[in-house]
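Have a look at the structure below before the remarks.
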Amino acid sequence: MKKPLLHFNAKGIYCQQADVYLDPWKPVKKAIITHGHADHSRWGHQQYITHHTNVPIIKHRLGDIQVAGVNWGETFLVNGVKFSLHPAGHIIGSSQVRVEYKGEVWVFTGDYKLEDDGLATPYEPVKCHSFITECTFGLPAFKWQPQKEVFREINQWWQENKEEGNTSVLFAYSLGKAQRLLKNIDATIGEIYTHAAIENMNEVVRDIASLPQTKRITKDTKKEEIKGNLVLAPPSAHGSPWIRKMVPYVTASASGWMTFRGARRRRAIDKGFVLSDHCDWSSLLSAIKATGAEKIICTHGYTDIFSQFLNEQGYDARTEQTQFEEETAEELKLSSSKLERQ
Amino acid sequence: MKAFAQLIKTLDSTNKTTVKVKALASYFKEAKDKDKVWTIAILSHRRPPRPVNTKLMRQWAAELAQIPLWLFEESYHIVGDLAETIALVIPAAQEKSEKGLHQFLTEMIALKKQSEQEKEAYLKENWLSLDYYERFVFTKLFTGSFRIGVSQKLMTRALAKATDIDEDILAYKLMGNWDPSTTSFKRLILEENKSDFLSKPYPFYLAYAIENEPQELGDIANWAAEHKWDGIRAQIIVRESELFVWSRGEELVTDKFPEFEEFTSVIPDGTVIDGEILAYNNHKIASFKNLQTRIGRKTLSKKLLEKTPVILKAYDLLEWEGKDIREQSYQKRRDLLEQLINQTDYTNIPLQLSSNMRFESWQAAAKERERSRTVKSEGLMLKRWDSPYLVGRKKGDWWKWKVDPFTIDAVLTYAMRGHGRRSNLFTDYTFGLWDKEKKELVTFAKAYSGLTDAEFRKVDAWIKKNTLERFGPVRSVKPFHVFEIAFEGIAQSNRHKSGVATRFPRILRWRQDKKIEEANTLEDLKNLII
């Protein structure tokens, strides 16, 4: 039997006809990269192709690599296979990859969400025959509120902490979530301070989009000036000595995982905001419907459950193992920092 | 409901005791009296009986969420809490309910007698008229225990803060049998009402396990030692010729022990004894298992009573001649207790004194402790001769000095996701021991505790990668990891495949240094049975 247009092998999602990999996890010759998170853009490929707004981001992360930037919808041919990138709405510079050969169309989503977050170019549905989708939050228990609602809560939380003389420490991934928070939070409440890991990324993103003013926390930052303000920090800062400078403080985390009460309590975080850069249950279903695809391949997340449900709905769905694990990896990072404290 | 849901949300979103007490105290100042009584009842585990079984609730919730039942069940395994799952999958509220906690509870009690259709209509209507967090709290009232990190002690402290009534007095008022649907906040908390106190037990004084070497407690002359019996800690109350038996879980269990009725003929009115109920056969303490069959049964047949006789071993005297004597020294209370028991002929009455011992040295005490298992005790209790009888678990005057647990090295064979703060993590494990030929692993115990959070996360990640088979929420895993399992007691059992039942098994250590071939056999385990 002939190999399908895209298949999964030990190195990643492979298009044999073009000898191109999508988000490979092992070094390859030619890699199309959906976005800048570490599990999707890895070291060691000879050539990277990605959306041009993602170029400075992966260069910042991976250093001097050979990378070509393309525009949304711009097609490029490799050995007769037509590739193009389309907005995925996950984080700034994130794309879906459309692959067409002899009239057959496949789309790989990378990571994606449907809501316009004000920073990433909003998701656009792309018609296809086969759809490779992530399903990180592929359970009916996940249901996002409009981000306006969530930011109302976050603003209120910061305001209240400020009134009680506490510093608000908000944990978020350095790339993506941190900038989304910055872009949408009410910056008139107070000053916004940032951990170096986040500020380094902010500097890269500021060349692409505008963000409110922030102050980098350095050795010289005085404890007194931070008090009552907002501090953005990566999850790994939780429980580290770095955070002692923020005393008295309250902590919060903004993530889809905050849906579960247990997840928040396990991390000993005071407050959880349910804010995700992935699709919730109903977005996944409506995104799949909008593609018109009949064949669905589910990658990272609750894949088995999700594909069983899709099969019951009349789709031809199955699961493929990948090494995308950003959310869980971030969870581990968070827990290892807790370890240090213990 | 809004105020109560907000309270639960606040309690649930902090790890700081001071914040919890503050939130509770301000709730107790501001809420309606009827809602307060129910809040106290719920936080002291006095919920009305469940009006609907959870199977039906799952089914109805899945219907409202328009998802197949299997998908609801899968979600539940991952979320780890039924009420939370239901609250999450059901669509957002369309209209707002303004009903108070009291009204919901009254409806819930009435619902028990209604038809299945009425129950379904009631739940579906209310699920759709509450917002997410209210829906969670409402459902939590219907499904099992309401554990949200607030102990009764913490609640009592907040109530004391809100009412300016002494905490220990409040603890006493909240003991025993009171019905939240008939009492009022005024009667329960604010007023003193003598007839209410007839059946009321005192809060139990509980000890912590000793932390250091007992020598560090100082001169042994200041300490009494007695064996720690393995039964049901209980209070025996005789007032106005009536007998009341309370278990430590604050449950009135008088009717489970009809043989104690005889106490009223020899124990004077106004007496409260703290002791241990023990299974007792042929003048010997019998297995705890016998006691379990007694508590488990709804009605006690004559045959069962004959087969599994019980006695009370008396430890302490809390009330004498109608007076609360808890403030007096242990020495004084013991003297009165011994007087009481020695002055009567108890040959036909199931009451014995738990003898206490004076030792010349800590070495002598340690020697007695080592003997514990042969006299069917769990170790020694150390009590200061001059100590009063305190309320709740306190450090300092009383200490548990238990014998070291049994231990055995076993292999992890099955895992299940945990609940609450362990939701979505595989933390509930089943362990196996080798059969004679070391060919097959035979399941012998389950354990849920003993590893650190970090270790649980590591094992969880390993399990997710090394699953052999899935059976609903349970996964069988590759036999690979050895754990040292500790347990308190061991007995033969027909109910277990292994033929052995262990008491309170828990994980002592993750033996990463051991290979599965080095784990123990079932024979090794059986050899521990005395």
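Below is a table of values for the structure above.
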quantity	calculated
Among (1) within 14 Å of chain A (Cβ to nearest Cβ); (2) surrounded by 19 or more Cβ atoms within 10 Å (Cβ to Cβ); (3) not in a loop (DSSP other than H, G, I, E, B), the one test that B:TRP462 misses	(2)
Whichever residue in segment B:3-44 is outside any helix (DSSP H, G or I), buried (at least 16 other Cβ atoms within 10 Å of the Cβ) and not β-branched (Val, Ile, Thr) and, among such residues, is modelled with the lowest pLDDT	B:SER13
Number of positions in segment A:51-77 that are within 16 Å of A:MET201 (Cα to Cα), of a type in the set (A, V, I, L, M) and surrounded by 19 or more Cβ atoms within 10 Å (Cβ to Cβ)	3
Positions within segment B:312-361 being under 23 Å from B:LEU278 (Cα atoms), loosely packed, with under 15 Cβ neighbours inside 10 Å and of a type in the set (Gly, Ala, Ser), in sequence order	B:SER355
Cβ pairs under 6 Å, 6+ apart, first in segment B:228-245 and more than 17 Å from B:SER372 (Cβ to Cβ), second in a loop (DSSP other than H, G, I, E, B) and aromatic (Phe, Trp, Tyr)	B:VAL245/B:PHE257
Counted residues, segment A:91-125 - those being crowded, with 23+ Cβ neighbours inside 10 Å, among the aliphatic types (A, V, I, L, M) and touching a His at 6+ places or on another chain (Cβ under 7 Å)	2
Top-ranked residue of segment A:157-179 - restricted to ones that are surrounded by fewer than 24 Cβ atoms within 10 Å (Cβ to Cβ) and in a helix (DSSP H, G or I), ranked as farthest from the chain's Cα centre (by Cα)	A:GLU163
Failed criterion for A:LYS143 (all others in (1) in contact with a Phe, Trp or Tyr (Cβ under 7 Å, 6 or more places away or on another chain); (2) surrounded by fewer than 22 Cβ atoms within 10 Å (Cβ to Cβ); (3) outside any loop (DSSP other than H, G, I, E, B) hold)	(3)
Among residues of segment B:1-25, those that are away from every other protein chain (no Cβ under 14 Å) and more than 20 Å from B:TYR133 (Cα to Cα), counted	2
Residue identified as part of a strand (DSSP E or B) and either more than 20 Å from the chain's Cα centre (by Cα) or not hydroxyl-bearing (Ser, Thr, Tyr) (or both) among A:ALA18, A:ALA38, A:ALA31	A:ALA31
B:LEU382 vs. criteria assigned to a strand (DSSP E or B), among the aliphatic types (A, V, I, L, M) and more than 14 Å from chain A (Cβ to nearest Cβ)	yes
Filter result (touching a helix residue (DSSP H, G or I) at 6+ places or on another chain (Cβ under 7 Å) and under 21 Å from A:HIS35 (Cα atoms)) within segment A:202-232	A:ASN202, A:VAL204, A:VAL205, A:ASP207, A:ILE208, A:LEU211
Strands (runs of 3 or more DSSP E) enclosed by segment A:191-287 - at least 1 residues per element that are free of Cβ contacts under 8 Å to residues at least 60 places away in the same chain	A:192-194, A:271-273
Conditions (1) at pLDDT below 95; (2) in contact with a Gly (Cβ under 7 Å, 6 or more places away or on another chain); (3) within 11 Å of chain B (Cβ to nearest Cβ); number of the one not met by A:SER253	(3)
First in segment B:511-527 and surrounded by 14 or more Cβ atoms within 10 Å (Cβ to Cβ), second anywhere and outside any loop (DSSP other than H, G, I, E, B) and hydroxyl-bearing (Ser, Thr, Tyr), Cβ under 9 Å, 6 or more apart	B:LEU525/B:THR502
Lone unmet requirement of (1) surrounded by 15 or more Cβ atoms within 10 Å (Cβ to Cβ); (2) free of Cβ contacts under 8 Å to residues at least 12 places away in the same chain for B:GLY249	(1)
Criterion violated by B:TYR76 - all others in (1) in contact (Cβ under 8 Å) with a residue 24 or more places away in the chain; (2) under 30 Å from B:ARG470 (Cβ atoms); (3) more than 8 Å from chain A (Cβ to nearest Cβ) satisfied	(1)
Complete set of residues in segment B:63-91 that are part of a helix (DSSP H, G or I), over 30 Å from the mean Cα position of the chain (by Cα) and buried (at least 23 other Cβ atoms within 10 Å of the Cβ)	B:VAL89
Given (1) more than 29 Å from B:THR183 (Cβ to Cβ); (2) under 29 Å from the mean Cα position of the chain (by Cα); (3) facing chain A (nearest Cβ under 10 Å), index of the condition B:LYS55 fails	(3)
Selection from segment B:1-47 of residues that are β-branched (Val, Ile, Thr), within 24 Å of the chain's Cα centre (by Cα) and under 25 Å from B:ASN126 (Cα atoms)	B:ILE8, B:VAL37, B:THR39, B:ILE40, B:ILE42
Residue that is hydroxyl-bearing (Ser, Thr, Tyr) and within 21 Å of the chain's Cα centre (by Cα), where the choices are B:THR293, B:THR299, B:THR347	B:THR293
Breaking point among (1) modelled with pLDDT of 85 or more; (2) in contact with a strand residue (DSSP E or B) (Cβ under 6 Å, 6 or more places away or on another chain); (3) surrounded by 15 or more Cβ atoms within 10 Å (Cβ to Cβ); (4) over 19 Å from B:LEU317 (Cα atoms), for B:ALA225	(4)
Matching entry among A:ILE132, A:ILE49, A:ILE57, A:ILE65 (being in contact with a strand residue (DSSP E or B) (Cβ under 9 Å, 6 or more places away or on another chain), assigned to a helix (DSSP H, G or I) and of a type in the set (A, V, I, L, M, F, W, C))	A:ILE57
Hits in segment A:234-250 (condition: within 14 Å of another protein chain (Cβ to nearest Cβ) and of a type in the set (Gly, Ala, Ser))	A:GLY239
A:THR251 being among the hydroxyl-bearing types (Ser, Thr, Tyr) and either over 12 Å from A:TYR193 (Cβ atoms) or buried (at least 21 other Cβ atoms within 10 Å of the Cβ) (or both)	yes
Residue ID - nearest to B:MET1 (Cα to Cα), chosen from residues in segment B:138-176 that are part of a helix (DSSP H, G or I) and among the β-branched types (Val, Ile, Thr)	B:THR139
Count of segment B:362-376 residues which are surrounded by 15 or more Cβ atoms within 10 Å (Cβ to Cβ), modelled with pLDDT of 90 or more and of a type outside the set (A, V, I, L, M, F, W, C)	3
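Quick grid of which residues meet (1) more than 14 Å from every other protein chain (Cβ to nearest Cβ); (2) modelled with pLDDT of 90 or more:
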| position | (1), (2) |
| --- | --- |
| B:SER354 | yes, yes |
| B:LEU390 | yes, yes |
| B:LYS394 | yes, no |
| B:ALA410 | yes, yes |
| B:GLY420 | no, no |
| B:ASN424 | no, no |
| B:THR430 | yes, yes |
| B:TRP434 | yes, yes |
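The values are calculated or read from the model by the stated rules, or taken from the named source; none is laboratory data. These numbers were taken from a predicted model, which means no experiment stands behind them. Glycine also receives a Cβ, built like all others from the backbone with ideal geometry; neighbour counts cover every protein chain displayed.
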